[in-house]
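Asker: One structure is given below, represented as C-alpha cells, and several questions about it will come after.
The values are calculated or read from the model by the stated rules, or taken from the named source; none is laboratory data. Everything numeric here is computed off the predicted structure, so don't read it as measured data. A quick note on method: Cβ atoms are made from the backbone with ideal geometry, for glycine too, and the neighbour counts reach across all protein chains shown. Just the protein is used for accessible areas: all its heavy atoms, side chains included, with ligands, DNA and RNA removed. Shrake-Rupley method; radii C 1.70, N 1.55, O 1.52, S 1.80 Å.
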Protein chains: 2
Amino acid sequence: MAETASVRPLRASEVETWDHTADVVVVGYGVAGACAAIEAARSGVDTLVLERTGGWGGAAAMSGGFIYLGGGTPLQQALGFDDTPENMEKFLTAALGPGVDSDKIHDYCQGSVEHFNWLVAQGVPFKEEFWGEPGYEPPADQGLMFSGGENAAPFNAIADPAPRGHLAWTKDKKLGEKGGGYMLMEPLAQTAEKLGVRHEYDIRLRRLIVDDSGRVVGVAATRYGKPVFVRAERGVVLATGSFAYQHEMVERFAPKIFGRPAATVEEHDGIGIRVAQALGADLAHMDATEVALIADPQVVVRGILVNGRGQRFITEDTYPGRMGQAILQDQDNQAYLIIDEAALEAAFETQSSMSFLRIAPTWVAETVAELESEMGLPEHTLQHTIDLYNHHAEQGTDPFLHKKPEWVKPISAPLGAYDLRGYTGGFTLGGLRTDLDSQVLHVDGEPIPGLYAAGRVTSGICAGGYASGCSLGDGSFYGRRAGVAAAKGN
Amino acid sequence: MAETASVRPLRASEVETWDHTADVVVVGYGVAGACAAIEAARSGVDTLVLERTGGWGGAAAMSGGFIYLGGGTPLQQALGFDDTPENMEKFLTAALGPGVDSDKIHDYCQGSVEHFNWLVAQGVPFKEEFWGEPGYEPPADQGLMFSGGENAAPFNAIADPAPRGHLAWTKDKKLGEKGGGYMLMEPLAQTAEKLGVRHEYDIRLRRLIVDDSGRVVGVAATRYGKPVFVRAERGVVLATGSFAYQHEMVERFAPKIFGRPAATVEEHDGIGIRVAQALGADLAHMDATEVALIADPQVVVRGILVNGRGQRFITEDTYPGRMGQAILQDQDNQAYLIIDEAALEAAFETQSSMSFLRIAPTWVAETVAELESEMGLPEHTLQHTIDLYNHHAEQGTDPFLHKKPEWVKPISAPLGAYDLRGYTGGFTLGGLRTDLDSQVLHVDGEPIPGLYAAGRVTSGICAGGYASGCSLGDGSFYGRRAGVAAAKGN
C-alpha cells in the first residue's frame, strides 16, 4: 500500500486500486471548488468533488458573503452607481498592491459583469438595496456596499468611487441566521448537484499522483485514516483554501498574523500548497494577509484612531480591513480609538452588523490630559494629536489624513478611549502561482500538466492590500476557469 | 544534448559526458561558498567551486565587511565588552523577528565564539579598536562596532548592549580602497586554494542533476552559453546569493523593495532558489529585506526623523538599517530629517563613513511654521511634532521614542529638512529553508539528499529584522556547515 504521510507526489504505477475515477477531480467544496465543479460538469465531463468535512461549504459558507464585483454590474446600475472595468482596475491596482498580478487584475475586471450574471444564472440572489454606512457588512440583507475604501482617501482621488461589495441575498436575515456566504454557497452546490457533480465527503487530500511524464493524474487521500486513491482522467483542481491554520507555514511566511487566525476555518491547513510545491509549483505573496480590526466601524468613524504613541495614521472612514492591515503590519499591532461622549452616543444610535461590540470605552476622562495619563501615554502626546485634529476639524477639514468632511468633528470632553491593542485577526492571501486559466505554474514558468487551482490556495488578485469580497470573488472567478480548463485537460 | 534553459532537475542518465567531477561541488564563490569549500577540502574530499564571474568574491567582497558575532569573542573581550551567547540570543530573537528560526538563532549564538576563532585561524585579521559613533560602518579600520541597534531603544531594555559588528581589518584603509568585505574574502579564498580547492570561473548554474532516487548528483551549467555538466560524488552546495536582482521574484515576494536593489550584486538572480524549488525545496520569509536608509547617521542622530505626515516614528540613535526598514515597510517610503543649524554644524564636524552625503538640506527656514509650509505639510503638523519633542528635550528626555539622553537636544531655529523620500534600498533575505547542517529541506520536512545551501540563497537567522553583519555572519557560519555535511555526503 502506498503511504500517505508524505506530501511528495506518488507515482501512478504504485497505485494498486483506484477507489474512485472521474474526468475532473476537484479537491475542496468551498466557493472555488463549487464553481470549478459546475463549469467542469457543464463542459460535459464526469466531475467528482472531494471534501474534507461532512458537506459542501468551506470557509465561504461561514463568511459574510461579499463578492467583489464591478465594472457596471446590473446591481450597480440598478442602484445608480456608474462603474467601468477600467475604473475598477485602477482602484484594485492601487488598493491591492504593491506587486499585484496586473494580468489577473485586468482579466478579473474585464470579466466581472459576466461573472455577476453567471452567479445570478446559477441561482444566487442579490437584493437591490444599497447600504451606505461604515461597516464590514450591511446589518441586514442589503445587496451592495462599499467594501474596500473606494470612497475614502487616498482611493477616492485615484478612481471614481463605486461600491463593489455584492452580497448574496439572505432574505430578511435575522441575527444568528445563515449569512450571505451560505446563501451564495447553497445555490452553487445545488446547481452542481443538478449538473450531476458527484461528491465524496470526509476525504482529506494527502498527495498528488503523477504519471511517468510528470502529469497529475489523481490524488492520494485518506478517509478516517484509510488511504483512498482517486484517478483524474483530465485534471485535478485544488480548491483547499489558505494556510491560515498551518502554524509552521504562518510562522515562516506571515509571522505577524501568527496566533491570530480569523474569518477562516481550521481546514485551511495549507495542504494544497504543499502538495503542489512538492511538484515544483511556484508561489507568490506568501506574506500577504487579510486583517480585520475587531471594532464597530460605526464607532471608529466617529473617533480618531491612534497608534501606540498616540499618533493618527489612517483615515477613520476607510474600509476597516485597511485599518486592520495598517495596525498589524505597520503599527506593531498597537491601536487605540479616541472618541468623545457625544460622538459615542451618536454611534450607538446607528445600525451596524457589529453592534454587539458596543461596550463602554476602556478609559474615560474629563480632560484629554487625564485620558492621556490614564492610558499611560507620554505627557502631551495625545494632547498634541487632538489639538492638531481639532485645529483643522473646526474648519471641517482633515488635511492630515483626508477624512471626509461629513465625519470630521472636533473632539471635546468628556471623552474616552478603547484599547484596541491586539484586536486584529485574519487569514493568509499568498499561495500557488497560477495563470489566467487557473493552471498551476511550475517555478520554470510553465503550467504543471493536469493541475489547476483557485481560491485561497492560490495567490489571487491581492498582493499587499485587501478589499472585502476579493476572496469569494477571485475564488469563484478562477474556480470557474479551473473547471473549464481541467475539463479540457490541457 | 540535454537542454539548459529550464530550471527543472535533469536526470543524470541524460548526461552523456561529465565535464568536471568532484566530491563536493560548491556553486558560488562568495563568503558562503568559500567557507563551504574550505571545510569540505579540510574534510579530505576533492572540492570544486563553480563561479559565475571571473573570480572569487561575490557580494561579500564588495560589502562593508561586517560579520555579526558575539557571545564573548576575543575581540569583544579585548575591547572590554561583556557578552554571552544567551544575551546575544535574546537580542537577535527580538531584533530579527518576528518569526525567526529559533533553533538557528540558538545554534548561531552558541557557535559564535568558535566561529570568530575559526575566521582568525583562516587568516582573517581584526583590529583591536572600537568605534562608538553612529553609523553603518567605521570610517576607517576599527574592528568592532554596534551594528544592529543593540544600545538603542527598545533593545537596550531587552538585552545587555554589546557591539557585535566585527570588521575584517583593512589595514589603514583610505577612501576608495578595498573594504572590509574584500579583506575578509581574500584570506578565505587563499586558504581554500592552499587546501587544494579547485575552481572554474565564468560558469553559470542552470539546473540540478539528480539520479533515479532523486538524490542531487551534480549541476548543469553553461560557460559562455555552452553546456557544462559537473558531477558531484558527495554533494552540491548552493551559495549563489539572493534574488535581489530577479525582478519577477522581487515583485512576487518582496514588492516593496522592487526597483531599489542596494548593497547587492547583479549576479544575485535567484537561480539557486529556483533550481531547488523545482526539486520541492521549501522556502521561508520570502518577503524579508534588508533596507538601508541612504543618509549619514551622524547627521540623522542629531535631528528628528519624521514620516510623510511629519510624525516621528523611530528613535534616531538606533541602527540606521532599522530606520530604512521602518521607512520602506511601515511609512510608505516617506521620510524627512529635520535638523537645526547648530546640530548640522556639529554633525559635519564628526567623522563618518558616509560623510560624502553631507550636502545642504533640501529646505531651510527661519521658523518651524515656515519650514512646514515649504515642505508642503499640513499646517501645524511639524509644529506639533517639534513642540512635543522640545517639551521633553528641555528635560533631556524622549519618553516618546526613548532616544538616549546624550542625543536629545531641543530643536531651535534656524533649521532645515532633508527630503529622504525614496532614499532606501536593499536586498532580499528570504530563500531556501535549511536545517542546522545546511541541508536543503523538502516541503515535506526531510532533507533533499545531496543538496546543501548557505548564505542569502537561504533564509538564515533573519526573519523580519536585520543587523549589519548577519549576512556575512550566517553565510560564513552555515557555509562551513554545508561544507562539512556535503563532504560526508549525507
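Asker: If residue B:412 meets every condition in (1) closer than 18 Å to residue B:301 by Cβ; (2) under 34 Å from the mean Cα position of the chain (by Cα); (3) more than 14 Å from chain A (Cβ to nearest Cβ) apart from one, which number is that one?
Answerer: With respect to (1) closer than 18 Å to residue B:301 by Cβ; (2) under 34 Å from the mean Cα position of the chain (by Cα); (3) more than 14 Å from chain A (Cβ to nearest Cβ), residue B:412 is out only on (2).
Asker: Which one is most open to solvent (accessible area, probe 1.4 Å) among residues in segment A:43-62 that are within 19 Å of the chain's Cα centre (by Cα) and within 25 Å of residue A:234 (Cβ to Cβ)?
Answerer: Pass one, segment A:43-62, residues within 19 Å of the chain's Cα centre (by Cα): A:56-62.
Add one more test, that the residue is within 25 Å of residue A:234 (Cβ to Cβ), and what stays is A:56, A:58, A:60.
Details: A:56: 74, A:58: 33, A:60: 7 Å².
The qualifying residue most open to solvent (accessible area, probe 1.4 Å) is A:56.
Asker: Then there is this: Among the listed residues A:464, A:479, which satisfies the condition of being over 22 Å from residue A:347 (Cβ atoms), in the same structural domain as residue A:212 (by TED's automatic domain parsing) and modelled with pLDDT under 95? Working first, answer last.
Answerer: Values: A:479 fails: modelled with pLDDT under 95.
Every option except A:464 fails the conditions.
Asker: Name the one entry in A:155, A:146 that is aromatic (Phe, Trp, Tyr), open to solvent by 30 Å² or more (accessible area, probe 1.4 Å), touching a residue at least 60 places away in the same chain (Cβ under 8 Å) and within 26 Å of residue A:347 (Cβ to Cβ). Full working, then the answer.
Answerer: On the way: A:155 fails: open to solvent by 30 Å² or more (accessible area, probe 1.4 Å).
Answer to the check: A:146.
Asker: Can I ask one more? So residue B:164 fits all but one of (1) open to solvent by less than 10 Å² (accessible area, probe 1.4 Å); (2) modelled with pLDDT of 95 or more; (3) under 20 Å from residue B:61 (Cβ atoms); what number is the exception?
Answerer: Going through (1) open to solvent by less than 10 Å² (accessible area, probe 1.4 Å); (2) modelled with pLDDT of 95 or more; (3) under 20 Å from residue B:61 (Cβ atoms) one by one, residue B:164 breaks only (3).
Asker: Looking at segment A:434-459 only, could you name the residues that are surrounded by 24 or more Cβ atoms within 10 Å (Cβ to Cβ) and either among the charged types (D, E, K, R) or out of contact with any strand residue (DSSP E or B) (no Cβ under 8 Å at 6 or more places or on another chain) (or both)?
Answerer: Correct list: A:455, A:456.
Asker: Can you give me the number of residues within segment A:185-201 that are open to solvent by less than 50 Å² (accessible area, probe 1.4 Å) and either of a type outside the set (Val, Ile, Thr) or free of Cβ contacts under 8 Å to residues at least 60 places away in the same chain (or both)?
Answerer: Count: 8.
Asker: Shifting gears a bit: Give the number of residues within segment A:229-248 that are open to solvent by 10 Å² or more (accessible area, probe 1.4 Å) and within 14 Å of chain B (Cβ to nearest Cβ).
Answerer: Residues flagged as open to solvent by 10 Å² or more (accessible area, probe 1.4 Å) and within 14 Å of chain B (Cβ to nearest Cβ) within segment A:229-248 amount to 3.
Asker: Looking at residue A:68, is it within 16 Å of the chain's Cα centre (by Cα), of a type outside the set (A, V, I, L, M, F, W, C) and open to solvent by less than 10 Å² (accessible area, probe 1.4 Å)?
Answerer: Numbers: within 16 Å of the chain's Cα centre (by Cα): yes; of a type outside the set (A, V, I, L, M, F, W, C): yes; open to solvent by less than 10 Å² (accessible area, probe 1.4 Å): yes.
Yes; evaluated as a whole, the condition is true for this residue.
Asker: Looking only at residues in segment A:321-372 that are of a type in the set (Val, Ile, Thr) and surrounded by 15 or more Cβ atoms within 10 Å (Cβ to Cβ), which one is farthest from residue A:290 (Cα to Cα)?
Answerer: Kept after step one, since they are of a type in the set (Val, Ile, Thr), are these residues of segment A:321-372: A:327, A:338-339, A:350, A:359, A:362, A:364, A:367-368.
From what's left, surrounded by 15 or more Cβ atoms within 10 Å (Cβ to Cβ): A:327, A:338-339, A:350, A:362, A:364, A:368.
Working: A:327: 12, A:338: 24, A:339: 26, A:350: 26, A:362: 26, A:364: 31, A:368: 33 Å.
Step by step, filter segment A:321-372, then rank; the result is A:368.
Asker: While we're here: For segment B:128-143, which positions are more than 17 Å from the chain's Cα centre (by Cα), part of a loop (DSSP other than H, G, I, E, B) and surrounded by 19 or more Cβ atoms within 10 Å (Cβ to Cβ)? Lay out the reasoning, then the answer.
Answerer: Start the filter on segment B:128-143 by keeping residues that are more than 17 Å from the chain's Cα centre (by Cα), which leaves B:128-134, B:139-143.
Filter again for part of a loop (DSSP other than H, G, I, E, B), leaving B:128-129, B:132-134, B:139-143.
Selection gives B:134, B:141, B:142, B:143.
Asker: Inside segment A:384-409, can you point out the residues that are open to solvent by 40 Å² or more (accessible area, probe 1.4 Å), outside any loop (DSSP other than H, G, I, E, B) and within 14 Å of chain B (Cβ to nearest Cβ)?
Answerer: The answer is A:387, A:391.
Asker: While we're on this one: Can you find, within segment B:100-122, the residue that is most open to solvent (accessible area, probe 1.4 Å) among those that are in a helix (DSSP H, G or I), within 14 Å of chain A (Cβ to nearest Cβ) and over 11 Å from residue B:85 (Cβ atoms)?
Answerer: Step one: filter segment B:100-122 for residues in a helix (DSSP H, G or I), giving B:102-110, B:112-121.
Checking which are within 14 Å of chain A (Cβ to nearest Cβ) leaves us with B:102-105.
Narrowing the set further to residues that are over 11 Å from residue B:85 (Cβ atoms) leaves B:102-104.
Numbers: B:102: 73, B:103: 106, B:104: 4 Å².
In this case the residue turns out to be B:103.
Asker: For segment B:307-317, which residues satisfy the criterion of being open to solvent by 10 Å² or more (accessible area, probe 1.4 Å) and of a type in the set (Val, Ile, Thr)?
Answerer: Answer for segment B:307-317, where residues must be open to solvent by 10 Å² or more (accessible area, probe 1.4 Å) and of a type in the set (Val, Ile, Thr): just B:314.
Asker: Filter segment B:261-277 down to residues that are open to solvent by 10 Å² or more (accessible area, probe 1.4 Å) and in contact with an Asp or Glu (Cβ under 8 Å, 6 or more places away or on another chain) and give me whichever is nearest to the other protein chains (Cβ to nearest Cβ).
Answerer: Quick first cut of segment B:261-277, residues open to solvent by 10 Å² or more (accessible area, probe 1.4 Å) only: B:261-269, B:271, B:274.
Adding the requirement that they be in contact with an Asp or Glu (Cβ under 8 Å, 6 or more places away or on another chain) leaves B:263, B:274.
Numbers: B:263: 21, B:274: 5 Å.
Among those that are open to solvent by 10 Å² or more (accessible area, probe 1.4 Å) and in contact with an Asp or Glu (Cβ under 8 Å, 6 or more places away or on another chain), it is B:274.
Asker: Between A:263, A:221, which is assigned by TED's automatic domain parsing to the domain that holds residue A:54 and in a loop (DSSP other than H, G, I, E, B)? Full working, then the answer.
Answerer: On the way: A:221 fails: in a loop (DSSP other than H, G, I, E, B).
Just a single option satisfies the conditions, and that option is A:263.
Asker: Okay, moving on. Report yes if residue A:308 is within 13 Å of chain B (Cβ to nearest Cβ) and touching a residue at least 60 places away in the same chain (Cβ under 8 Å), otherwise no. Please lay out each step first, then the result.
Answerer: Details: within 13 Å of chain B (Cβ to nearest Cβ): yes; touching a residue at least 60 places away in the same chain (Cβ under 8 Å): yes.
The answer is yes for residue A:308.
Asker: Still on this structure, please answer the following. Hey, among B:204, B:302, B:274, B:252, which residue is at pLDDT 95 or above and assigned to a strand (DSSP E or B)? If you could, list the steps in order and put the result at the bottom.
Answerer: Working: B:302 fails: assigned to a strand (DSSP E or B); B:274 fails: assigned to a strand (DSSP E or B); B:252 fails: assigned to a strand (DSSP E or B).
Criteria check complete, one pass: B:204.
Asker: Give, as residue ranges, the helices (runs of 4 or more DSSP H) completely inside segment A:1-99 that count at least 2 residues that are out of contact with any helix residue (DSSP H, G or I) (no Cβ under 8 Å at 6 or more places or on another chain).
Answerer: A:74-78, A:85-95
Asker: Only one residue in B:49, B:124, B:100 is touching a Phe, Trp or Tyr at 6+ places or on another chain (Cβ under 7 Å) and among the β-branched types (Val, Ile, Thr), so which one is that?
Answerer: Values: B:124 fails: touching a Phe, Trp or Tyr at 6+ places or on another chain (Cβ under 7 Å); B:100 fails: touching a Phe, Trp or Tyr at 6+ places or on another chain (Cβ under 7 Å).
Checking each option against the conditions leaves just B:49.
Asker: Which residue pairs have Cβ atoms closer than 8 Å, lie 6 or more positions apart in sequence or on different chains, and pair a first residue in segment A:368-383 that is farther than 14 Å from residue B:402 by Cβ and within 9 Å of chain B (Cβ to nearest Cβ) with a second residue that is hydroxyl-bearing (Ser, Thr, Tyr) and open to solvent by 30 Å² or more (accessible area, probe 1.4 Å)?
Answerer: A:379/A:373
Asker: Report, by residue number, each residue of segment A:287-299 that is buried (at least 24 other Cβ atoms within 10 Å of the Cβ) and either modelled with pLDDT under 95 or assigned to a loop (DSSP other than H, G, I, E, B) (or both).
Answerer: Within segment A:287-299, A:287, A:288, A:296 qualify.
Asker: Going by the structure shown, is residue B:212 touching a Lys or Arg at 6+ places or on another chain (Cβ under 8 Å), within 14 Å of chain A (Cβ to nearest Cβ), in contact (Cβ under 8 Å) with a residue 24 or more places away in the chain and open to solvent by 10 Å² or more (accessible area, probe 1.4 Å)? First the steps, then the outcome.
Answerer: Working: touching a Lys or Arg at 6+ places or on another chain (Cβ under 8 Å): yes; within 14 Å of chain A (Cβ to nearest Cβ): yes; in contact (Cβ under 8 Å) with a residue 24 or more places away in the chain: yes; open to solvent by 10 Å² or more (accessible area, probe 1.4 Å): yes.
Answer is yes for this residue.
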